[in-house]
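Here's the structure, in structure tokens; my notes come after.
Readers should treat all values here as calculations from the given coordinates under stated rules, not as data from a laboratory. Predicted model only: the values in this text are computed from it and were never measured. Every residue, glycine as well, gets a Cβ built from its backbone with ideal geometry; the counts of neighbours run over all protein chains shown.
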Amino acid sequence: MIRIGVIGAGIYGALHLEALRDRKLVAGDVELAAFAEVNAETRAAREREYGCRGYGDYREMLEKEHLDAVTVATPDHLHYEITMACLKYSIPLLVEKPFSTDSGEAQTMMETARTRGVFVQVDFHKRFDPYHIDLKMRIRDGEAGSLQYGYFWIEDVLEVGTHIIGKKSWGTQGSPVWFLGIHAIDLSLWMMDFPKPVEVYAKGFKGKLTSLGIDIYDSIKATVTYDNGVTITYDTSVILPNSYEARVHQGLKLVGTEGIMELNTQYRGGRYCTPKGGMETPNLGGKHRTFNKQGKISWRGYLYEAVHDFVENVKLLQAGRSIEELKGTYPSAEEAVVSTRIGEAIHRAILSNGVMKL
């Protein structure tokens, strides 16, 4: 039985809590021991819902609970302090993406984990989407030939800009690239077996959110060239109308010498129109309901598979496997440092109004 604690019980923290509760019911190999959440109202609600103790200070939880593993689901700019505190306890960590919004911090986190021999996984959950896995395999098998260029888009509705990354608790750290684009950056790196980024061009746009008193980018367009000769353009935004039929509009295109590969990961076949939800095109690959063995509603999809994968890796480590033996089978801290470097370079390129060399 793996005793796991969760730090941060907001939107994504609740997803971690759901995934671990379901894991306990279905597999019986984890115990949702405790969670930490600074917001007292949210903390009380999660305690009632998940039946475990909530702490106002994650450091108290780490000190008292004697955990086997921890997941971190706080706003991006808090990852460094929390991860460094957790590493002192030498227990496996799952950290939400992005690993950090500062490449120096990301490097320090990675090197500290390596020095202490601590397993750190990053929640790049889109790697667990079966559509993305199939595409990676097709690229690996040479079906597109040599890749030349690509285009990724991932765009959220305005509510994300105003009520998530635009909240006061995020300060001015919120960004379409850190919240959304980092997924596309990681996916492209992973699909191409991690080429080295060499050049970044980016343009940021402000207007809608600043008119609402929120000083962050509405959207960002970035183009990254890699040392394998491939150039990828990434479009991200958080200002689609709230009435849009999906919370996130996302997809990709890759073109090679022998073929073209496209995925529209919003339109997956389901369409609904009801008085409750209006027009919807749900991403059931990311999150869908089913019945567990107790006949209760359970959640499945790649959002949850990423958390379950972390549990599986912790089990393997407990059974005697080494971190080195698991290398290449999960989103690692080393890989996350690269995506952070790219995200950081995109923001610097915007400010310099030009091209950044990496």
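Before moving on, here are some points about what is shown:
- Ranked by the mean number of other Cβ atoms within 10 Å of their residues, highest first, the peptides 110-122, 195-207 come out as 110-122, 195-207.
- Total formal charge among the other residues, if their Cβ is under 13 angstrom from that of Lys136, Lys/Arg +1 and Asp/Glu -1: -2
- Cβ crowding within 10 Å averaged over residues, with 78-86, 243-251 ranked highest first: 78-86, 243-251
- Principal-axis tilt of helix 40-50 within the chain, Cα atoms, nearest 10 degrees: 70 degrees
- Most mobile of His163, His125, His77 in a GNM of the chain (Cα contacts under 10 Å): His163
- 3J(HN,Hα) from dihedral phi, region 286-293, Karplus parametrisation 6.51/-1.76/1.60, rounded to Hz, x for glycine, proline: x, 7, 8, 8, 8, 10, 7, 5
- Virtual spin-label span in nm between Phe291 and Asp227, 7 Å along Cα→Cβ: 5.5 nm
- Among Trp153, Gly166, Gln250 the positive-end extreme of the charge dipole of region 150-260 (Cβ point charges): Gly166
- DSSP bridge orientation in the chain - percent antiparallel, rounded to nearest 5: 60 percent
- Residues whose amide H lies under 5 Å from that of Thr74, counting only those 5 or more places away or on a different chain, are Glu96; hydrogens are built 1.01 Å from N in the peptide plane.
- Stretching the chain fully between Arg116 and Met137 yields a gain of 4.2 nm (0.36 nm per residue, less the alpha carbon separation).
- Overall size of region 91-224 from C-alpha positions, given as principal axis extents largest first: 48, 40, 29 Å.
- Under 5 Å, built H, 5+ apart or other chain: amide partners of Ala36: Val6, Ile7, Gly8, Tyr55
- Cut-off under 5 Å, modelled amide H: who pairs with Val355 long-range: none
- With eigenvalues of the C-alpha gyration tensor scaled by 5 and rooted, the chain, Å: 30, 24, 22
- For region 334-347, 3J(HN,Hα) per residue [Karplus equation, 6.51 cos²θ - 1.76 cosθ + 1.60, θ = phi - 60°, Hz, x = Gly/Pro]: 4, 5, 5, 4, 5, 5, 5, 4, 5, x, 5, 5, 4, 5
- The shape of region 179-314 comes out oblate: with a ≥ b ≥ c from the C-alpha gyration tensor, a/c is at least 1.5 while a/b does not beat b/c.
- 3J(HN,Hα) along region 67-81, derived from phi through the Karplus expression 6.51 cos²θ - 1.76 cosθ + 1.60 where θ = phi - 60°, amounts to 7, 8, 6, 9, 10, 10, 9, 9, x, 3, 6, 9, 4, 4, 4 Hz, with x in place of Gly and Pro.
- Helix 103-116 vs. the chain, principal-axis angle (Cα, 0 to 90°, nearest 10): 40 degrees
- A helix-only calculation puts the chain at -11000 deg cm²/dmol for mean residue ellipticity at 222 nm, using -39500 (n - 2.57) for each DSSP H run of at least four residues, averaged over all residues.
- Per-residue packing, averaged as other Cβ atoms within 10 Å, sorts the ranges 38-48, 316-326 into the order 38-48, 316-326, beginning with the highest.
- Proximal charge balance of Arg271 [Cβ under 11 Å; K/R count +1, D/E count -1]: -1
- Cα-based Kirkwood hydrodynamic radius, region 276-358, one decimal, Å: 17.0 Å
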